[in-house]
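Here is the structure we will look at, set down as structure tokens.
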Ligand SMILES: NC(=O)c1ccc[n+]([C@@H]2O[C@H](COP(=O)([O-])OP(=O)(O)OC[C@H]3O[C@@H](n4cnc5c(N)ncnc54)[C@H](O)[C@@H]3O)[C@@H](O)[C@H]2O)c1
Ligand SMILES: [Fe+2]
């Protein structure tokens, strides 16, 4: 039996932020990072929250939010007697808010019984990347071990997501590029996931179609509002898709690279993506016919994004070539040393990367079974 459930209401397009004017007579907490405060974006949101009783700002979020930050956020919320939490920022701020709200509710339930606390969560994404505004995932980092821990629960899904392209305009080209590669990776991993279904496929197909067309435009000109709007939709659709069917090996490796070397999440995904597609499609195996199910899915996706794909082999080759072209166009690192990591440091961590990638909750959904040796070969490829 397959299941399809989306519990987040999504408002999108220009001026969607005006929906905040309808929030009245409640105590709200805005969870965000210092950049949003310094850049004036938090202020713009506070102005739209003028009909709330009170709005408090928690702006301590840092990239890859650690557990001690989540604990700080829980105490902050308790003090404010809050009814609505508004998350403003990229995946890190939204994930932090999701984890804070989730744990606050759990603590309340433990103290006061089943009824739990009614706490509404509204997500305002400022990057077109993680899709966190509609997913049942929140990634937090263990403060002691530095390991990324994905929390997975339906109740982590925000109640409302507001996708206003205005919020993404300020993202510089490198953030647009990195987060955009996260979108493409989400869509492609969901598309070939072990548990992919017709429902997740249609979301992934539209997400890829939009991202391959509009990411270069958004990268070239951040003020191209149509491209920003389309990338915001692509990110959200890709998020819906993978939230239904999980991700794969690409994220397994990227999570390890992100946690160990602090490579931004989308950058790590883009670095690995051509190699994981080749692995899943089996194109490197001697005598491979390139017609396994994943190769056929990649072939179909290649067609959807407008690439020649007469056979699975041609489709896979063209999809990989297009991704490499896009990465180079956006000046993304193509190997680990271009990420500022020495080969010595990389080699010293090879076993740890393999161990973490194999144990990652995303890797289980990969369409091709993965061994330590397979991951080691992919690491050889990104070392060059
Ligand atoms: N919950 C999920 O489903 C999910 C999925 C994928 C990734 N993640 C997690 O999300 C995090 C990554 O999120 P991200 O890629 O959105 O980056 P991020 O939230 O870590 O932000 C990266 C940087 O971009 C800045 N920034 C954000 N929006 C901006 C804007 N409009 N203008 C200028 N600067 C801006 C931030 O201040 C920050 O310095 C990672 O922790 C990753 O593990 C979560
Ligand atoms: Fe991701």
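Values in this text are rule-based calculations from the coordinates and carry no lab data. Note that this is a predicted model, so its numbers are computed, not measured.
For the range 110-203, the equivalent ellipsoid derived from the alpha-carbon gyration tensor has semi-axes of 26, 19, 17 Å in decreasing order.
Against the chain, whose longest principal axis is taken from its Cα atoms, helix 372-383 shows a tilt of about 90°. What the Kirkwood sum gives for the range 142-295 is a hydrodynamic radius of 16.5 Å, with every pair of different alpha carbons counted. Rounded, prolate or oblate: which fits the range 82-163 when a ≥ b ≥ c are the square roots of the eigenvalues of the alpha-carbon gyration tensor, with rounded for a/c under 1.5 and prolate only if a/b beats b/c? Taking the square roots of the gyration eigenvalues as a ≥ b ≥ c, the range 82-163 is oblate.
Evaluating kT/(6 pi eta Rh) at 10 °C and 1.306 mPa s, with the Kirkwood radius of the range 275-384 over Cα pairs in the Stokes-Einstein relation, gives 104 µm² s⁻¹.
The largest-to-smallest principal axis extents of the Cα set in the range 1-152 are 40, 38, 36 Å. Based on the Kirkwood radius over alpha-carbon pairs, what value in µm²/s does the Stokes-Einstein equation return for the translational diffusion coefficient of the range 173-383 at 25 °C and 0.890 mPa s? After rounding, the answer is 145 µm²/s. For the chain, the longest principal axis of the C-alpha atoms and the axis of helix 265-281 are separated by about 40°. Taking Cα atoms only, the orientation of helix 350-359 departs from the longest principal axis of the chain by about 70 degrees. The ellipsoid that matches the Cα gyration tensor of the range 343-384 has semi-axes, each √(5λ) in whole angstrom, of 20, 11, 7, with the longest given first. For the chain, what is the percent of antiparallel DSSP beta bridges, rounded to the nearest 5? Counting DSSP beta bridges with both partners in the chain, the antiparallel share is about 20 percent. With an a/c value of 1.5 or above and a/b larger than b/c for the gyration tensor axes a ≥ b ≥ c computed over the alpha-carbon atoms, the chain is described as prolate.
With an a/c value of 1.5 or above and a/b larger than b/c for the gyration tensor axes a ≥ b ≥ c computed over the alpha-carbon atoms, the range 159-227 is described as prolate. The distance linking the range 309-369 with the range 17-67 is 36 Å (Cα centroid to Cα centroid, whole angstrom). Each helix, a run of at least 4 DSSP H residues, gives -39500 (n - 2.57); summed and divided by the residues of the chain, these come to -17000 deg cm²/dmol at 222 nm.
Restricting the count to DSSP beta bridges whose residues both fall in the range 9-167, what percent are antiparallel, rounded to a multiple of 5?
Among the beta bridges of the range 9-167, antiparallel pairing accounts for roughly 20 percent.
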